[in-house]
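Below is one structure; the comments refer to it alone.
The values are calculated or read from the model by the stated rules, or taken from the named source; none is laboratory data. Just so we're clear, the structure is a prediction, and the values are computed from it rather than from any experiment. Backbone-built Cβ (ideal geometry, glycine too); neighbour counts: all protein chains shown. Remember, those area values only see protein heavy atoms, side chains included, never the ligands or the DNA or RNA. Shrake-Rupley method; radii C 1.70, N 1.55, O 1.52, S 1.80 Å.
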Amino acid sequence: TDAAGDFVGSSFCYATARDWARFGLLHAQDGVWQGGRLLPGGWLAFIRRPTPASPRRAYGAHWWLNAGAPGAPADRPYPALPADLFYASGYEGQYVVVLPSQDLVVVRLGQSSPEHAFDLEGFLRAVLGAFPGRNNGRRAAASAAPPPRAPGCRRPGSPGSRRSCRRRRRPLPAS
């Protein structure tokens with residue numbers, strides 16, 4: 001809580017990388033999840049619209065943007081990355097990055113101190129390099145649900161869970 005005893009709502013959200021990827025995917029899909037609309041129509045356009053006072057057009061509706069001035073790629077925060085990129089930036093270098101033109105959501109939960117020690121642009125260039133021709137209709141966070149477990153397996157850490165259980169891999173949907 002803060003000095004007034006109010007819950008701090010600006011941070012301290014604990015989630016797995018898969019949860020954060022789903023959060024990014026929800027926003028990449030304009031607020032639609034598994035065919036149902038969870039956020040208002042036009043949500044993606046709204047969050048990607050730079051706020052009027054934002055220097056370098058780098059902030060939208062609760063998301064950081066890579067928009068920059070129209071026609072001036074060097075003015076973008078990350079000039080070597082797509083202009084449609086938007087991201088959530090967390091404590092000491094944690095990120096949820098959405099690249100709509102690449103059909104990709106990238107999550108980084110690492111910790112860097114100082115925060116600027118982590119090269120987000122270099123990291124994302126390396127990730128994009130691992131997916132040549134990425135814009136092929138499949139999403140990096142392709143599955144909204146975890147892969148099915150083998151029969152008899154329970155969630156790790158639950159009473160009676162077995163260490164020998166392994167998740168079955170589910171193939172990505174065909175493009």
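Quick notes
- Pairs are defined by a Cβ separation below 8 Å, a sequence spacing of at least 6 or placement on different chains, a first member in segment 19-33 that is small (Gly, Ala, Ser), and a second member that is open to solvent by 10 Å² or more (accessible area, probe 1.4 Å) and part of a helix (DSSP H, G or I); the pairs so defined are Ala28/Leu44; Ala28/Pro100; Gly31/Trp43; Gly31/Leu44.
- Residue within segment 100-114 that is at pLDDT below 85, closer than 23 Å to Trp33 by Cα, surrounded by 11 or more Cβ atoms within 10 Å (Cβ to Cβ) and in contact with a helix residue (DSSP H, G or I) (Cβ under 9 Å, 6 or more places away or on another chain) present: no
- Residues in segment 54-79 that are outside any helix (DSSP H, G or I), of a type in the set (Gly, Ala, Ser) and farther than 23 Å from Pro114 by Cα were compared, and the one that is most open to solvent (accessible area, probe 1.4 Å) is Gly71.
- Residue match in segment 1-24 (condition: of a type in the set (S, T, N, Q) and open to solvent by less than 30 Å² (accessible area, probe 1.4 Å)): no
- Phe86 meets the conditions (1) at pLDDT 95 or above; (2) open to solvent by 60 Å² or more (accessible area, probe 1.4 Å) in every case but one. The failed one is (2).
- Residue in segment 41-48 that is over 19 Å from Pro82 (Cα atoms), within 20 Å of the chain's Cα centre (by Cα) and of a type in the set (D, E, K, R) present: no
- Scan of segment 34-53 for residues that are in contact (Cβ under 8 Å) with a residue 40 or more places away in the chain and surrounded by 11 or more Cβ atoms within 10 Å (Cβ to Cβ), ordered by number: Leu44
- Restricting the first member to segment 95-118 and to residues that are more than 24 Å from Trp43 (Cα to Cα), and the second to residues that are polar (S, T, N, Q) and part of a strand (DSSP E or B), the beta-carbon pairs closer than 9 Å and six or more apart or on different chains are Glu115/Ser89.
- Residues that are at pLDDT 85 or above and loosely packed, with under 11 Cβ neighbours inside 10 Å, drawn from segment 123-149: Ala126, Gly129, Ala130
- Whichever residue in segment 60-92 is among the hydroxyl-bearing types (Ser, Thr, Tyr) and out of contact with any Phe, Trp or Tyr (no Cβ under 7 Å at 6 or more places or on another chain) and, among such residues, is farthest from Gln111 (Cα to Cα): Tyr78
- Against the conditions (1) in a loop (DSSP other than H, G, I, E, B); (2) at pLDDT 90 or above; (3) not hydrophobic (A, V, I, L, M, F, W, C), Arg22 satisfies every one except (1).
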